[in-house]
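One structure is given below, encoded as structure tokens.
The values are calculated or read from the model by the stated rules, or taken from the named source; none is laboratory data. Everything numeric in this text was worked out from a predicted model, so none of it was measured. Methodologically, a virtual Cβ is constructed for each residue, glycine included, from the backbone with ideal geometry; neighbour enumeration extends over all protein chains shown.
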């Protein structure tokens, strides 16, 4: 069974990706794990709340879950440098 780890599962891209995968039955529930800082994860998927920025957390998740695939949707939008980009290049 292929295991897929989705980092940033509660953010905009991660949440929509998981919704798409789950609504189309593309991955079994036991082979999909979402990880994020938010206390409550997406419905229908395995979920782990953790801060991957803490030392050893990412390694622990990788050793415990042993994924074949890792999808990284992690991002920080409340950083002053990101705000500069948004101001210069309006979307």
| message | Please go through (1) in contact (Cβ under 8 Å) with a residue 60 or more places away in the chain; (2) out of contact with any strand residue (DSSP E or B) (no Cβ under 8 Å at 6 or more places or on another chain); (3) closer than 14 Å to residue 2 by Cα for residue 13 and return the number of the only condition it doesn't satisfy. | response | (3)
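The rows are residues; the columns are (1) at pLDDT 80 or above; (2) outside any helix (DSSP H, G or I); (3) under 18 Å from residue 8 (Cα atoms).
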{"position": "21", "(1), (2), (3)": "yes, no, yes"}
{"position": "71", "(1), (2), (3)": "yes, yes, yes"}
{"position": "78", "(1), (2), (3)": "no, yes, yes"}
{"position": "82", "(1), (2), (3)": "no, no, yes"}
| query | Out of all the residues in the range 37-57, is one or more part of a helix (DSSP H, G or I), surrounded by 10 or more Cβ atoms within 10 Å (Cβ to Cβ) and modelled with pLDDT of 90 or more? | reply | yes
| Scan of the range 16-43 for residues that are over 18 Å from residue 67 (Cβ atoms) and touching a strand residue (DSSP E or B) at 6+ places or on another chain (Cβ under 9 Å), ordered by number | 37, 38, 39, 40
| request: Scan (1) in contact with a helix residue (DSSP H, G or I) (Cβ under 6 Å, 6 or more places away or on another chain); (2) modelled with pLDDT under 90 for the single condition residue 3 breaks and write down its number. | output: (2)
